[in-house]
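What follows is one structure encoded as structure tokens, with my remarks underneath.
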Amino acid sequence: MNISLQLLILVTLLKGTWSLALLNPKIDLVDLKEEANAANNRYCFSIPCPSYTLNPAKIPKPFEVRDYKNSYWLSTPWFPEVNGSCLANRDAINPYYNHLLNYFEGLNSMGLRFERTRPVRVVSRPDPKTSDMLCAIRFYIPDMYPMHPPASIVIDVILGWDKDRLCYVVGQRGAIVWSSAKRVFKSMKSYLTRLGREYPEDVELTMDAFTGYGVTDDRQYMEILVCQEGQF
């Protein structure tokens, strides 16, 4: 399959239907009418969001190449996919998700209340012991230099560190479905391989969701990332 045809397939996948079950009334709405903001944090607006710079490397659209700076992230432990999805089962996912939100409400070692950050990051990787896939949900934590951010006082919430890394990114407006994210991720890797772009063999599927409770499909936005190194 030639490169042009692979790119056409990737764009076609991005035009599919998406849906996100991870919704909560505390989440801020995304107003896509404001997308004229600068490329960096274009869907964050005044909400704290991980920073990056655009890499000058040339690559065909719809890809964007970004250099992400090292940063803190709040994460759930790894948990198994439910029916092949990291998003679809509210009963299985919401306890992990709500524990992360509690950190912003003051359940941390300093008792500080934080503004909830964007995006909701969902990560997937193979279980090294089985053939099953594992999932984790994460939120960006802004730097508090010269102090470190407070630790979580909830046992199954982890405060970790992402190192500097380069990521290939494809973004799309519309509702978000995990199965579609997996198909786009697979197509991205195949296309990057044809272009001779390097990425780890065991690269994690990373999806950043910019959405909110009650947001219509046409006002949601997500990005799929294929990153070279520096995983959590």
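How about segment 77-140: which trypsin sites (Lys or Arg not before Pro) there are in a DSSP loop, with at most 12 other Cβ atoms within 10 Å of their Cβ? Of the trypsin sites (Lys or Arg not before Pro), the ones in loops of segment 77-140 whose Cβ has at most 12 other Cβ atoms within 10 Å are 113, 129. Here 112, 134 are placed in order of increasing Cβ neighbour count within 10 Å, fewest first, which gives 112, 134.
Taking K and R as +1 and D and E as -1, what net charge do the other residues with C-beta under 11 Å from the C-beta of residue 162 add up to? Around residue 162, the surrounding residues sum to +3. Here the Karplus relation 6.51 cos²θ - 1.76 cosθ + 1.60, evaluated at θ = phi - 60°, turns the backbone of segment 56-61 into coupling constants of x, 4, 8, 8, x, 5 Hz, with x for every Gly and Pro. The Cα atoms of segment 92-232 define a convex hull whose projected area, averaged across directions, is 10.0 nm².
Less than 5 angstrom separates the built amide H of residue 165 from those of 68, all sequence-distant by 5 or more or on a different chain.
Just so you know, all these numbers are worked out from the coordinates, no wet-lab data involved. These numbers were taken from a predicted model, which means no experiment stands behind them. FYI the Cβ positions are ideal-geometry reconstructions off the backbone, even for glycines, and counts take in every protein chain you see.
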